[in-house]
Amino acid sequence: MIILLKAGATRSDADELLSRIADCGLKPLYMPGTERTVLGAIGDERVLASLHLENYPCVDRVTPILTPYKLVSREAHPADTIVHIGSIPIGGEHFAVIAGPCAVENADQMALTAGAVRSAGAHLLRGGAFKPRSSPYSFQGLGLEGLKILKNSSLQTGLPTITEVVEVADVEAVETCADAFQVGARNMQNFRLLKAVGQSLKPVVLKRGMAAKLDDLLLAAEYIVSEGNPRVILCERGIRTFETATRNTLDLSAVPYLKQKSHLPVIVDPSHATGVRDLVLPMAKAAVVAGADGVMIEVHHNPKEALSDGAQSLSPEDFARFMETLPDLLKISNKRQG
Ligand code: PEP
Ligand code: MN
């Protein structure tokens, strides 16, 4: 940790800080400059956090050298983590396609859509039973009934499932019916929910909040892993910007950034990132080439009739076209399906 002192700081100010650093068992460094003095503290920075050196009037800035997240960082764990959802590996050289409707609407819709994405080659099935909608008047999902339909679709197709959990009280039901939790953008910093899924051993797809920095996403993942669940998959799903042509702005640089900073798998959701059907496949392809470990794509057997996110849902035919291009794209990113 580097501690920059203000211009008027005295030698006795510096000595007070140096002795506090030493009292914590860290090695203090004194580096007087011509205009400013810099102090250093070598050792476990977490010990120093409790001293709040930034509160001292003589301190201008405290800069940690290590990342604020530990367990999810590459510094702590250089090898890629591979997370299995059911039997499907994600991460390292393994690439997975998650497809399905925004929401579970009824048994027929799920049978038709799940069957179609399976025939096209999807590896995992998505579908929300609890829908966190911006408006209270929009379709809110079928709840527990939706979880049962999703589970049935999984049994019929053999595809493992991912579904969103929006509150702590539903963690157990989702855990019983699905193969992975999704924590959505709106709940990325719902810390009680993060802790609750952290106490499960089911994988968690953690979506970036629409106004969250990448380091906030990594700290949210740290909440889950620090509770004991190492099976976290990070998901870039677009962020709010001044642009209104698209629903969100896909921050594709998130993929290489997150993969450099963390060992966790990183996937991209081009559906919520764009909100526009015709933009979904170009951005899905870009995500593969950028090195994502998977994509999550909304597909509906009849997008015109979808109860939520129909405008960004692909038809089974469009989705099948993407799956046909995937082998060539994966050659560029040196990954393989499954
Ligand atoms: C979803 O995947 O259905 C969803 C609501 O996504 P997000 O949390 O990214 O908005
Ligand atoms: Mn959706």
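The values are calculated or read from the model by the stated rules, or taken from the named source; none is laboratory data. Given the structure is predicted, the values throughout are model-derived calculations rather than measurements. No Cβ is skipped: glycine too gets one built from the backbone with ideal geometry, and neighbour counts run over all protein chains shown. Keep in mind that these areas ignore ligands, DNA and RNA; they rest on the heavy atoms of the full protein, side chains included. Shrake-Rupley method; radii C 1.70, N 1.55, O 1.52, S 1.80 Å.
Report yes if some residue within the stretch 253-264 is under 14 Å from V97 (Cα atoms) and either away from ligand 2 (no atom under 16 Å from the Cβ) or of a type in the set (A, V, I, L, M, F, W, C) (or both); otherwise report no. No, the conditions are met nowhere in the stretch 253-264.
For the stretch 256-282, how many residues meet the condition of being buried (at least 22 other Cβ atoms within 10 Å of the Cβ) and assigned to a helix (DSSP H, G or I)?
Our first condition is that a residue be buried (at least 22 other Cβ atoms within 10 Å of the Cβ); within the stretch 256-282, this holds for 258, 262, 264-274, 280.
Checking the rest, the ones that are also assigned to a helix (DSSP H, G or I) come to 258, 270-274, 280.
Qualifying residue count, the stretch 256-282: 7.
For the stretch 227-247, taking the residues that are open to solvent by less than 10 Å² (accessible area, probe 1.4 Å) and within 16 Å of ligand 2 (Cβ to nearest atom), the one that is nearest to I85 (Cα to Cα) is identified as C235. The residues of the stretch 213-226 that are open to solvent by 10 Å² or more (accessible area, probe 1.4 Å) and within 14 Å of the chain's Cα centre (by Cα), listed by number, are K213, L214, D215, D216, L219, E222, Y223, V225. If you go through the stretch 115-127, how many residues are touching a residue at least 60 places away in the same chain (Cβ under 8 Å) and within 11 Å of ligand 1 (Cβ to nearest atom)? Final tally of qualifying residues: 1. Would you point out the residue of the stretch 127-150, among those that are open to solvent by 10 Å² or more (accessible area, probe 1.4 Å) and within 13 Å of G184 (Cβ to Cβ), that is nearest to ligand 2 (Cβ to nearest atom)? That would be K131. Annotation note: of P57, P28, P78, the sole residue that is within 35 Å of the chain's Cα centre (by Cα), more than 30 Å from L144 (Cα to Cα) and open to solvent by 40 Å² or more (accessible area, probe 1.4 Å) is P78. For the stretch 298-333: of the residues being open to solvent by 10 Å² or more (accessible area, probe 1.4 Å) and in contact with an Asp or Glu (Cβ under 7 Å, 6 or more places away or on another chain), which is farthest from I267 (Cα to Cα)? Among residues in the stretch 298-333 that are open to solvent by 10 Å² or more (accessible area, probe 1.4 Å) and in contact with an Asp or Glu (Cβ under 7 Å, 6 or more places away or on another chain), the one farthest from I267 (Cα to Cα) is L307.
Determine whether the stretch 81-97 contains at least one residue that is open to solvent by 60 Å² or more (accessible area, probe 1.4 Å), aliphatic (A, V, I, L, M) and away from ligand 1 (no atom under 16 Å from the Cβ). Yes, because at least one residue in the stretch 81-97 is open to solvent by 60 Å² or more (accessible area, probe 1.4 Å), aliphatic (A, V, I, L, M) and away from ligand 1 (no atom under 16 Å from the Cβ). Of all residues in the stretch 69-91, those satisfying the criterion of being of a type in the set (G, A, S), under 21 Å from A180 (Cβ atoms) and assigned to a loop (DSSP other than H, G, I, E, B) are G86, S87.
Yes/no per residue for (1) under 30 Å from I332 (Cα atoms); (2) not aliphatic (A, V, I, L, M):
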residue: R20; (1), (2): no, yes
residue: T34; (1), (2): no, yes
residue: A41; (1), (2): no, no
residue: L66; (1), (2): no, no
residue: K70; (1), (2): no, yes
residue: H84; (1), (2): yes, yes
residue: P101; (1), (2): yes, yes
residue: M110; (1), (2): no, no
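Scanning the stretch 309-338 for residues that are within 22 Å of the chain's Cα centre (by Cα) and over 16 Å from G294 (Cβ atoms) yields D309, Q312, S313.
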